[in-house]
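Heads up: the structure comes next, in structure tokens.
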Amino acid sequence: MHASDRSATSSDVYDYAVIRVVPRVERGEFVNVGVLLSCAAREYLHARIEVDEARLLALDPALDLDAVRRHLEAIARICAGGAGAGPIGQLPQRARFHWLVARRSSIIQTSPVHSGRCGDPAAAIAHLFERMVRVPPPAG
């Protein structure tokens, strides 16, 4: 069955990881900047990213924000796949997801992978993004 043939009410398993920027790896402090979500049954691999420059610069005023943006843009290109995403972009979707979430010791890292169920991966990534990346408004 092709992903487009599935019922809108069905529930499929997805995997996700939070994308983090760790300005000074030796300190271990980070800011969540995005969510990476893969749903094989829906042939869905997407990253939603938003950089809060003020929060990053609070951790490291000398952080090269242009370099951070370039690395984060590469994640989005790899999710999309194709020739513009380099050799990793040529891999199957699940292989690209696993490559993106592999542990690394750099300023761009991901959380451990978590799983969930959804009928709409786009809605799931939007919900996770609001919950895990966006700063909640002040109470009151």
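Backbone phi angles across the stretch 54-66, fed through the Karplus curve with coefficients 6.51, -1.76 and 1.60 (θ = phi - 60°), yield HN-Hα couplings of 4, 5, 5, 5, 5, 7, 7, x, 9, 4, 7, 5, 5 Hz in residue order; Gly and Pro are listed as x.
Between VAL13 and ARG103, what's the calculated FRET efficiency when r is the beta-carbon distance and R0 is 25 Å? Round to 0.05. Mind showing how you got there, number by number?
Working: r = 22 Å, r/R0 = 0.88.
With R0 = 25 Å, the Cβ-Cβ based efficiency is 0.70.
Calculated FRET efficiency, GLU130 and ALA95, Cβ-Cβ r, R0 35 Å, to nearest 0.05?
Values: r = 28 Å, r/R0 = 0.81.
Rounded to the nearest 0.05, the efficiency is 0.75.
Rg and Dmax over the alpha-carbon atoms of the chain stand at 15.9, 51 Å. Think of the chain as a dipole: +1 on every Lys or Arg Cβ, -1 on every Asp or Glu Cβ, centred on the Cα centre; then among TYR44, VAL113, ALA139, VAL113 lies furthest on the positive end. Surface composition of the chain: carbon and sulfur make up 54 percent of the accessible area, probe 1.4 Å. Of all the options CYS39, CYS79, CYS118, the one that moves most in a Gaussian network model of the chain with Cα springs shorter than 10 angstrom is CYS118.
What the phi angles of the stretch 96-109 give under the Karplus curve with 6.51, -1.76 and 1.60, with θ = phi - 60°, is a coupling list of 5, 4, 5, 5, 5, 9, 4, 4, 8, 10, 9, 6, 9, 9 Hz, glycine and proline written as x.
Could you please put PHE30, PHE97 in sequence from largest to smallest accessible area, using a 1.4 Å probe? Please report the intermediate quantities before stating the final value.
Values: PHE30 90, PHE97 0 Å².
Putting PHE30, PHE97 in descending order of accessible area: PHE30, PHE97.
Taking all Cα pairs closer than 8 Å and separated by 6 or more residues, the relative contact order of the chain comes to 32 percent.
The values are calculated or read from the model by the stated rules, or taken from the named source; none is laboratory data. Keep in mind that what you see is a predicted model, and the values were worked out from it rather than measured. Methodologically, a virtual Cβ is constructed for each residue, glycine included, from the backbone with ideal geometry; neighbour enumeration extends over all protein chains shown. When the accessible area is computed, the model is the full protein with side chains, heavy atoms only, and any ligands, DNA or RNA have been set aside. Shrake-Rupley method; radii C 1.70, N 1.55, O 1.52, S 1.80 Å.
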